[in-house]
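The values are calculated or read from the model by the stated rules, or taken from the named source; none is laboratory data. Since we're looking at a predicted model, the values are computed, not measured. Cβ placement follows ideal geometry from the backbone for every residue including glycine, while neighbour counts extend to all protein chains displayed.
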Amino acid sequence: MIPTYSRPSQLEDCLRSLSAVDYPRDRFEVIVVDDGGHTPLDAVVAPFRSDPAVSLVRQPNAGPAAARNAGAERARGEYLAFTDDDCLPDPDWLTQLARVLSEAPESMVGGTTVNGAPNLYSTTSQLIVDVVYRHYNANPIRARFVASNNMLMPARGFREIGGFDPAFRTAEDRDLCDRWLQHGKRIIHTPDARVRHVRPMNARAFCRQHFEYGRGAERFTRRRAERNSGSMLAEARFHLDVRNWLWFPLTRVPPGQVLPVVALLAVWQTTNLAGFVWEAVRRHANRLRHGALSSSG
């Protein structure tokens, strides 16, 4: 399942990578969901339609969560695998995911994402993903989070919990994983199933990404409180664990990049918090406005 929005060249690279996946061609299909992009994708998808079978679904722009749900509705298989249009799965990607699933067939399985864009912003963004996995998946056979660009699960389980929540534009995978666990299901992280994330970034894109992640985190925190599946305090432990999110990344970069990475990690924490606060204030203001309109009516 690949949601895409106005990134035809990245989608083409992703489809080319999937066409090289070493897995029986009659045992999987690829569904591309065009989330209301400006560029028609028929010409991009056409060369890949038969090896493996690739289909194209179109919908008005509704975000990646809704796009993944639209693809899942179209899917015929017993299991659903998800990646993104800017990701390049390794040839053994499906084999590695399926290997784990064969031993725990009712589980969600997620692999590892590695940076495929060699610039400082993309490198730091991947380091942030790494520290998230290090915190939440310390026990990989009892993992708590895997990203939606590299996950596989039973279609029946996905539908039982209602799929992705389309109200989320970011953090939809956090919400899905939380609801999966709340339903008594299991998540397994396997580092052997790899995709390369090719997303060149600049300073503006880096700040915007983590601001939007902060907005998604606020919605996620609120939804967790509504269904009593976790607390904000428990989530805050991640940001308080400086040894994990600061010192660990610095062991992964060359000495010449230490200071720039420290600066970007500080920017990440700041913009993430700003997005969280902005979304909370926006929601509160909307509630007051609606309350005032109701009173005047």
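Selection of the range 79-129 for residues being over 24 Å from L181 (Cα atoms), of a type in the set (A, V, I, L, M) and not in a helix (DSSP H, G or I) yields L88, V114, A117. Being polar (S, T, N, Q) and on the phi < 0 side of the Ramachandran plot holds for only one residue in S6, S50, and it is S50.
Each row is one residue, and each column tells you yes or no for (1) under 18 Å from G163 (Cβ atoms); (2) in contact (Cβ under 8 Å) with a residue 60 or more places away in the chain.
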site	(1), (2)
I2	yes, yes
A20	no, yes
R27	no, no
D35	yes, no
G77	yes, yes
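Only one of the listed residues (R27, R16) is at pLDDT 95 or above and more than 20 Å from the chain's Cα centre (by Cα). That residue is R16.
So is A234 closer than 17 Å to H135 by Cβ, without any contact (Cβ under 8 Å) to a residue 12 or more places away in the chain and either out of contact with any helix residue (DSSP H, G or I) (no Cβ under 8 Å at 6 or more places or on another chain) or surrounded by 14 or more Cβ atoms within 10 Å (Cβ to Cβ) (or both) or not? Yes; evaluated as a whole, the condition is true for this residue.
Restricting the range 144-166 to residues that are assigned to a loop (DSSP other than H, G, I, E, B) and in contact (Cβ under 8 Å) with a residue 60 or more places away in the chain, the residue that is nearest to P91 (Cα to Cα) is N150. Among the residues that make up the range 32-42, is at least one of them surrounded by fewer than 15 Cβ atoms within 10 Å (Cβ to Cβ) and either touching a Cys at 6+ places or on another chain (Cβ under 8 Å) or polar (S, T, N, Q) (or both)? The answer is yes, given that some residue of the range 32-42 is surrounded by fewer than 15 Cβ atoms within 10 Å (Cβ to Cβ) and either touching a Cys at 6+ places or on another chain (Cβ under 8 Å) or polar (S, T, N, Q) (or both). Exactly one condition in (1) on the phi > 0 side of the Ramachandran plot; (2) touching a strand residue (DSSP E or B) at 6+ places or on another chain (Cβ under 6 Å) is not met by T113; state its number. If we test T113 against (1) on the phi > 0 side of the Ramachandran plot; (2) touching a strand residue (DSSP E or B) at 6+ places or on another chain (Cβ under 6 Å), just (1) comes out false. Across the range 245-272, the number of residues qualifying as surrounded by 13 or more Cβ atoms within 10 Å (Cβ to Cβ) and part of a helix (DSSP H, G or I) comes to 18.
Regarding D92, is this residue of a type in the set (D, E, K, R), at negative phi and modelled with pLDDT under 95? No; evaluated as a whole, the condition is false for this residue.
If the requirement is being crowded, with 20+ Cβ neighbours inside 10 Å, at pLDDT 95 or above and closer than 24 Å to V109 by Cβ, which of these qualifies: A171, A155? After ruling out the rest, the residue left standing is A171. The residues listed here are V109, V57; of these, the one that is buried (at least 20 other Cβ atoms within 10 Å of the Cβ) and in contact with a helix residue (DSSP H, G or I) (Cβ under 6 Å, 6 or more places away or on another chain) is V109.
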